[in-house]
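Colleague: Please see the structure below; I have some questions.
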There are 2 protein chains.
Amino acid sequence: MSAIPHDFVRKTAQLSEEVTRPFPNSRKVYVSGSRPDLRVPMREVSLTPTQTNQGSEENPPIPVYDTSGPYTDPAAQIDLLAGLPDIRSGWIAERADTDLLDGPTSAFGRARQQDPALAHLRFEHLRIPRRAKPGRTVTQMHYARRGIITPEMEYVAIRENLRLDALRADPRYRKLLRQHRGHNFGATLPELITPEFVRDELARGRAIIPANINHPELEPMIIGRNFRVKINTNIGNSALTSSIAEEVEKMVWSARWGGDTLMDLSTGKHIHETREWILRNAPMPIGTVPIYQALEKVDGRPEELTWELMRDTLIEQAEQGVDYFTIHAGVLLRYVPLTAERLTGIVSRGGSILAKWCLAHHQENFLYTHFEEICEIMQAYDVAFSLGDGLRPGSLADANDAAQFAELTTLGELTQIAWKHDVQVMIEGPGHVPLQLVQENVTKELTDCYEAPFYTLGPIVTDIAPAYDHITSGMGAANIGWYGTAMLCYVTPKEHLGLPNKEDVRAGIITYKIAAHAADLAKGLPGAQLQDNALSKARFEFRWDDQFNLSLDPERAREYHDVTLPHQSHKVAHFCSMCGPHFCSMKITQDVREAAAVEAGLREKAREFRDEGAAIYKAV
Amino acid sequence: MSAIPHDFVRKTAQLSEEVTRPFPNSRKVYVSGSRPDLRVPMREVSLTPTQTNQGSEENPPIPVYDTSGPYTDPAAQIDLLAGLPDIRSGWIAERADTDLLDGPTSAFGRARQQDPALAHLRFEHLRIPRRAKPGRTVTQMHYARRGIITPEMEYVAIRENLRLDALRADPRYRKLLRQHRGHNFGATLPELITPEFVRDELARGRAIIPANINHPELEPMIIGRNFRVKINTNIGNSALTSSIAEEVEKMVWSARWGGDTLMDLSTGKHIHETREWILRNAPMPIGTVPIYQALEKVDGRPEELTWELMRDTLIEQAEQGVDYFTIHAGVLLRYVPLTAERLTGIVSRGGSILAKWCLAHHQENFLYTHFEEICEIMQAYDVAFSLGDGLRPGSLADANDAAQFAELTTLGELTQIAWKHDVQVMIEGPGHVPLQLVQENVTKELTDCYEAPFYTLGPIVTDIAPAYDHITSGMGAANIGWYGTAMLCYVTPKEHLGLPNKEDVRAGIITYKIAAHAADLAKGLPGAQLQDNALSKARFEFRWDDQFNLSLDPERAREYHDVTLPHQSHKVAHFCSMCGPHFCSMKITQDVREAAAVEAGLREKAREFRDEGAAIYKAV
């Protein structure tokens, strides 16, 4: 291998400051688990005190779920050439059910590693791949079903709780923890997530922890409708644009704003090398659509795809550490004609590739006929299935149609097969769906796919807003998350129009964080309203900096405020730019509150008196 | 009056080109009613033909609901100094129930007209105000209840239908008019809106046509849950920013992107003059919150407000032509203490002003005690009530609480009083509401306020996304519109942070057009899916220009596309920037469709044979 000269290094040895700068007034905290090597990262936002007539009153810090990895930790040493620290290899090794291989076992993986022409692109510190010992299964589902609580399970339990147990015991949080009763559509949201609850959910197949044994850098997270709703982001170069450097920076950018998982949908050259760079530096699970790469290997001719080629690609990617694969095994030959009368046919790339293959050969989809063999690969590395909805609707007109729902029943059948092999499964969903048909998607998925976690793209609720499809789909996403979808795949403003740039990615992620959080609130996830309450209190008390710092995008909030009122003195001003200094409803309200407090005080006394009286009366 | 020197004229005699340029491939069409002076504007988008193997296939033009007024009509002469053409004075005069006055009858209106210091700001062609003859009522509700179908009623019926009757009779639209069954939560959505249906809805109070007799320039529109969901936009200068010129341009900008109504929330100097310029040039109904101006008149001291001052302000604005007034008559003295324990107290400006007045005087809200007198003013000009929700929640924590719902029952009581006077009413609603509590707002409003149209601000479904509150609230808006809200008040990205600029206004409007349209689709409004279907067909057929032109924001859609693929040749390319030329799912699908068509053809033949056979068998 040559030395590392290449412009990739020059460009990315330093990530740009905007993707790594710490969030304002925030610090990274690590909550320890039952063993010293189990340290779960969170972000904690410090607040300023409230000034009252009686003096200063403390506002306690607010913990925030943190997907940003070590990148926002000023104490962390970031070296993209070395990759992120390995946090799971010890856990994996001590299970003693895997072997370290001599090197990649896929033909393609070996060829790429040996190709001197790729040296300038190659990640230097390639990991030695690991695989289950013969006859062993190394999936989180497998352990869960055997009653084993892995460190990964404990990790996600701690991560989901966001220290809620400690906050509940702390009187400073009492009022801030109040929230409305949710409507959860049959989900189970315990008061506190325990490792045992995580294990049970995994064992039932109602949740997954995507965590390939070859991606030990990842910070485990869980996807299931009885946990926080998650969001997925997509990056990927196409033949027309992008470089490895940009893709790695986009991955870190995605982590920064709240992407819980990330799919690398690259279709250009150097997919293999790009993926390696991403995986070695990714704190989140990485997903791919292996058929995209397989298609590259046959120069874009779907009819030339073979099972052998696909198999080699699956192994290649599994040994790099990909955490979940989108597999379009539900696109059956007999379903293809169901799409012929659609307004927009087949719009999933993977779906159309397989439909073309099926028709060209007039044979059943080879991913379906070889599904058990795919399971055997997945179980040896713990790659989770994301069963692709290749027949999802591409327009409102085609929503919830026969083709879509036929495929869904097949995905259910495949779920059962995967579970037989202890392979984790989630199910992909649409797409384009008008609001009134959104819930049916969840209901059917839960029934047909036995409560395997649902993972939907949007859905977009009208087709007439290209350039605003993050918003259009955010409306569908909030609802489908509420109804029980476990993970929402983001959509950017450029969906249907072009490739997203960094600002598009940010807009897409924040929109989806809003949707996911709205869903958590609506379901009544314990503690979900804490951040809202803390921010609203700050807003009401004109603690502008606290309002910015508690928001999903502190930088944009501050920037928008400063357009109208740029001076620092305005950050503590008891008015805002909407109404000006002499006409402020919040200021008037504070007067009202003081006046009303007198009356309320009297009423409260009266109530206490009544209550006590009633109690005595009852005691008699 | 001095000549018209002032810089206002220099600035606005020409609106900027970006607010008036016609939409691409669109033409303004006017559909005539039963009389020659009844011409209803619509926009019609022309499309390019589809290229098939069998040659070229026409795509018929798509009509679009058009709020932009004459500004986007290249044939119209726009002269802001003269105001828009008068389209309703003939209709009003022929009803012979109004008098032309000698001039303004409000003390303030007269004073402003006579103040030479204001000459440089004053709109030159002041209209002579009109008022009901003594003892007469001139509201659309009044006519409706007497069985009279006014030209305004016929106008909105034609406008709502968007030529649906003609399209249904035209075979070119057959497939494009297909749509999903809606779930309408008890709304009544007739297959075609008739003038008689409009009359009946107005008579029942289930819809309103805000149309002051002193605003004859407006193009009538209707607000009610059995019609298209509408959106309101807000403009307004504050003490800190803005000029008259900017406000007029913002009004035209709002009309351009789809604002159905507009509230002028100005609080600075020259409110009266600004309003005149806006009204004379506004094709949409204009609303105000008169208490804001009343407060200016007492130098911002709520406790100095009096009924006499308020009365003069109502008359002043009614005679200028304001179409609806937000009146916070439901903020009762006894409700104020209910807000004391809230996280964010009272956040409505109007609500806080009145709460402060009530507490300062320890008297009942003078808008409540003088409500019948207000009705008498409203009925003499046909100003509609927008009964304000002064106690709406300002945070999730305060949603659906006792204060909010107490006020709502009072708004219901006031609705009955207004209806007794034949005054049109809509009811304002929140605000900040988590998703699972949104529907209760609509249900309660419909019950407590006897199905008067509901008009809500958002609601925002989480508090943690300042800078993205158009999106946060758009999610709530889509849902509340679906559940039965008649009009959605937009929110811009700068809500909670600052005053919106033009791009913020555009983002807010498009977001709310999406929400309103999503709600129409979900309710199953007949014809609602036409534009979606036409756009999706264009998308699937790679007719890029048609896709842009059919979208809610054609300019932004084109711009986003062109960032990645700038050349005109790409507008007809059979691929897009997301996947590149050799890897396009839509291209693959077209191949699939051709192959599948063969099979489908065979199946269809078989089905026909079976169906016919079955029919014969039954006949026997």
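Colleague: When you scan the range A:395-403, do you find a residue that is under 23 Å from the mean Cα position of the chain (by Cα), of a type outside the set (Phe, Trp, Tyr), on the phi > 0 side of the Ramachandran plot and assigned by the TED database to the domain that holds A:Leu314, even just one?
Modeller: No: the range A:395-403 contains no residue that is under 23 Å from the mean Cα position of the chain (by Cα), of a type outside the set (Phe, Trp, Tyr), on the phi > 0 side of the Ramachandran plot and assigned by the TED database to the domain that holds A:Leu314.
Colleague: Which pairs do you get when a residue that is buried (at least 16 other Cβ atoms within 10 Å of the Cβ), found in the range B:65-79, comes within reach of a residue that is basic (Lys, Arg), reach meaning Cβ atoms under 6 angstrom, with the pair 6+ apart or on two chains?
Modeller: The qualifying pairs are B:Asp66/B:Arg43; B:Ser68/B:Arg256; B:Asp73/B:Lys28.
Colleague: Between a first residue in the range A:457-475 that is facing chain B (nearest Cβ under 7 Å) and a second residue that is of a type in the set (Phe, Trp, Tyr), which pairs have beta carbons less than 6 Å apart while being 6 or more apart in sequence or on different chains?
Modeller: A:Ala467/B:Tyr560
Colleague: Something else: Among the listed residues A:Ile128, A:Ile62, A:Ile92, which satisfies the condition of being among the aliphatic types (A, V, I, L, M), within 17 Å of A:Arg159 (Cα to Cα) and in contact with a strand residue (DSSP E or B) (Cβ under 8 Å, 6 or more places away or on another chain)? It would help to see each step written out before you state the result.
Modeller: Working: A:Ile128 fails: within 17 Å of A:Arg159 (Cα to Cα); A:Ile92 fails: within 17 Å of A:Arg159 (Cα to Cα).
That would be A:Ile62, the only listed residue that is among the aliphatic types (A, V, I, L, M), within 17 Å of A:Arg159 (Cα to Cα) and in contact with a strand residue (DSSP E or B) (Cβ under 8 Å, 6 or more places away or on another chain).
Colleague: With the checklist (1) under 25 Å from B:Ile286 (Cα atoms); (2) of a type in the set (A, V, I, L, M, F, W, C); (3) buried (at least 22 other Cβ atoms within 10 Å of the Cβ) in hand, flag the one item B:Phe197 doesn't pass.
Modeller: The single condition B:Phe197 does not satisfy is (3).
Colleague: Can I ask one more? For B:Ala239, are the conditions met, namely being in the same structural domain as B:Val322 (by the TED database) and at pLDDT 90 or above?
Modeller: Numbers: in the same structural domain as B:Val322 (by the TED database): yes; at pLDDT 90 or above: no.
So B:Ala239 fails the test.
Colleague: Can you work out which of the residues in the range B:417-441 that are touching a strand residue (DSSP E or B) at 6+ places or on another chain (Cβ under 9 Å), away from chain A (no Cβ under 14 Å) and not aromatic (Phe, Trp, Tyr) is nearest to A:Arg181 (Cα to Cα)?
Modeller: The extreme case among them is B:Gly429.
Colleague: For the range B:439-448, does any single residue satisfy the condition of being over 19 Å from the mean Cα position of the chain (by Cα) and buried (at least 24 other Cβ atoms within 10 Å of the Cβ)? So that I can check it myself, show each step before the final result.
Modeller: Step one: of the range B:439-448, the residues over 19 Å from the mean Cα position of the chain (by Cα) are B:439-441, B:443-448.
Those still in the list that are buried (at least 24 other Cβ atoms within 10 Å of the Cβ) too: B:441, B:445.
Yes, that holds for at least one residue.
Colleague: Given the structure, is B:Ala119 of a type in the set (A, V, I, L, M), modelled with pLDDT of 95 or more and part of a helix (DSSP H, G or I)? Before you say what the answer is, go through the steps one by one.
Modeller: Numbers: of a type in the set (A, V, I, L, M): yes; modelled with pLDDT of 95 or more: no; part of a helix (DSSP H, G or I): yes.
Answer is no for this residue.
Colleague: Pick out the one residue from A:Arg172, A:Arg199, A:Arg181, A:Arg256 that is in contact (Cβ under 8 Å) with a residue 40 or more places away in the chain, in a loop (DSSP other than H, G, I, E, B) and among the basic types (Lys, Arg). Lay out the reasoning, then the answer.
Modeller: Details: A:Arg172 fails: in a loop (DSSP other than H, G, I, E, B); A:Arg199 fails: in a loop (DSSP other than H, G, I, E, B); A:Arg256 fails: in a loop (DSSP other than H, G, I, E, B).
Exactly one of A:Arg172, A:Arg199, A:Arg181, A:Arg256 is in contact (Cβ under 8 Å) with a residue 40 or more places away in the chain, in a loop (DSSP other than H, G, I, E, B) and among the basic types (Lys, Arg), namely A:Arg181.
Colleague: Assess whether B:Thr306 counts as being surrounded by fewer than 22 Cβ atoms within 10 Å (Cβ to Cβ), of a type in the set (Ser, Thr, Tyr), over 26 Å from B:Thr98 (Cα atoms) and in contact (Cβ under 8 Å) with a residue 60 or more places away in the chain. Before the answer, list the steps.
Modeller: Numbers: surrounded by fewer than 22 Cβ atoms within 10 Å (Cβ to Cβ): yes; of a type in the set (Ser, Thr, Tyr): yes; over 26 Å from B:Thr98 (Cα atoms): yes; in contact (Cβ under 8 Å) with a residue 60 or more places away in the chain: yes.
Criteria met by B:Thr306.
This table checks each residue for (1) of a type in the set (Phe, Trp, Tyr); (2) touching a residue at least 12 places away in the same chain (Cβ under 8 Å); (3) crowded, with 24+ Cβ neighbours inside 10 Å.
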position: A:Met310; (1), (2), (3): no, yes, no
position: A:Phe325; (1), (2), (3): yes, yes, yes
position: A:His328; (1), (2), (3): no, yes, yes
position: A:Leu332; (1), (2), (3): no, yes, no
position: A:His361; (1), (2), (3): no, yes, no
position: A:His370; (1), (2), (3): no, yes, no
position: A:Pro393; (1), (2), (3): no, yes, yes
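Colleague: Let me ask something else about it. Contact list please: Cβ distance under 9 Å, first residue in the range A:271-296 and part of a loop (DSSP other than H, G, I, E, B), second residue of a type in the set (D, E, K, R) and surrounded by fewer than 24 Cβ atoms within 10 Å (Cβ to Cβ), pairs at least six apart or on different chains.
Modeller: Partner pairs satisfying both residue conditions: A:Ala282/A:Glu217; A:Pro283/A:Glu217.
Colleague: Please verify whether the range A:154-168 includes one or more residues that are under 24 Å from A:Asn212 (Cβ atoms) and either assigned to a loop (DSSP other than H, G, I, E, B) or among the small types (Gly, Ala, Ser) (or both). First the steps, then the outcome.
Modeller: So the first thing to find is which residues in the range A:154-168 are under 24 Å from A:Asn212 (Cβ atoms), and the list is A:154-160.
Among the residues that remain, those that are also either assigned to a loop (DSSP other than H, G, I, E, B) or among the small types (Gly, Ala, Ser) (or both) are: A:157.
Yes, there is a match, as at least one residue in the range A:154-168 is under 24 Å from A:Asn212 (Cβ atoms) and either assigned to a loop (DSSP other than H, G, I, E, B) or among the small types (Gly, Ala, Ser) (or both).
Colleague: Taking the range A:266-299, which residues are within 12 Å of chain B (Cβ to nearest Cβ) and charged (D, E, K, R)?
Modeller: A:Lys269, A:Glu296, A:Asp299
Colleague: When the range A:184-213 is examined, which residues are found to be in contact with a Lys or Arg (Cβ under 8 Å, 6 or more places away or on another chain) and among the basic types (Lys, Arg)?
Modeller: A:Arg206
Colleague: Contact list please: Cβ distance under 7 Å, first residue in the range A:17-36 and over 19 Å from A:Gln77 (Cβ atoms), second residue of a type in the set (Gly, Ala, Ser), pairs at least six apart or on different chains.
Modeller: Cβ pairs passing all conditions: A:Asn25/A:Ser46.
Colleague: Of all residues in the range A:479-538, count the ones that are at the interface with chain B (Cβ under 7 Å from one of its Cβ atoms) and closer than 16 Å to B:Tyr560 by Cβ.
Modeller: 7
Colleague: Could I ask something else about it? If you check B:Ala144 against the conditions, is it among the aliphatic types (A, V, I, L, M) and without any contact (Cβ under 8 Å) to a residue 40 or more places away in the chain? Don't jump to the end; show me each part of the working.
Modeller: Details: among the aliphatic types (A, V, I, L, M): yes; without any contact (Cβ under 8 Å) to a residue 40 or more places away in the chain: no.
Taking the combined requirement at face value, the residue does not satisfy it.
Colleague: Tell me whether the range A:224-237 contains one or more residues that are surrounded by fewer than 22 Cβ atoms within 10 Å (Cβ to Cβ) and part of a loop (DSSP other than H, G, I, E, B).
Modeller: Checking the range A:224-237: not a single residue is surrounded by fewer than 22 Cβ atoms within 10 Å (Cβ to Cβ) and part of a loop (DSSP other than H, G, I, E, B).
Colleague: To continue, here is another question. Scan the range A:342-380 residue by residue and report those that are more than 7 Å from every other protein chain (Cβ to nearest Cβ) and more than 30 Å from A:Gln140 (Cα to Cα).
Modeller: A:Arg342, A:Trp357, A:Cys358, A:Ala360, A:His361, A:His362, A:Gln363, A:Glu364
Colleague: Residues being charged (D, E, K, R), over 16 Å from B:Leu262 (Cβ atoms) and touching a residue at least 60 places away in the same chain (Cβ under 8 Å): count how many of those fall in the range B:481-511.
Modeller: If we filter the range B:481-511 for residues that are charged (D, E, K, R), which is where we start, we get B:494-495, B:502-504, B:506.
This time we only want the ones that are over 16 Å from B:Leu262 (Cβ atoms), so: B:494-495, B:503.
In the following step, the residues that additionally are touching a residue at least 60 places away in the same chain (Cβ under 8 Å) were identified as none.
Matching residues across the range B:481-511 total 0.
Colleague: Is it the case that the range A:105-121 has a residue that's loosely packed, with under 14 Cβ neighbours inside 10 Å and under 29 Å from the mean Cα position of the chain (by Cα)?
Modeller: No.
Colleague: Let me ask another. So how many residues does the range A:122-153 have that are in a loop (DSSP other than H, G, I, E, B) and either of a type outside the set (A, V, I, L, M, F, W, C) or farther than 30 Å from A:Phe197 by Cβ (or both)?
Modeller: Keep residues of the range A:122-153 that are in a loop (DSSP other than H, G, I, E, B), which gives A:122-129, A:133-139, A:146-150.
Adding the requirement that they be either of a type outside the set (A, V, I, L, M, F, W, C) or farther than 30 Å from A:Phe197 by Cβ (or both) leaves A:122-129, A:133-137, A:139, A:146-147, A:150.
Qualifying residue count, the range A:122-153: 17.
Quick grid of which residues meet (1) surrounded by fewer than 23 Cβ atoms within 10 Å (Cβ to Cβ); (2) of a type in the set (A, V, I, L, M, F, W, C); (3) in contact with a helix residue (DSSP H, G or I) (Cβ under 7 Å, 6 or more places away or on another chain):
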| position | (1), (2), (3) |
| --- | --- |
| B:Thr485 | no, no, yes |
| B:Glu503 | yes, no, no |
| B:Ile509 | no, yes, yes |
| B:Ala519 | no, yes, yes |
| B:Arg539 | no, no, yes |
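The values are calculated or read from the model by the stated rules, or taken from the named source; none is laboratory data. This one's a predicted model, so the numbers in the text were calculated from it and none came from an experiment. Note that we place each Cβ from the backbone using ideal geometry, even for glycine, and neighbour counts take in every protein chain shown.
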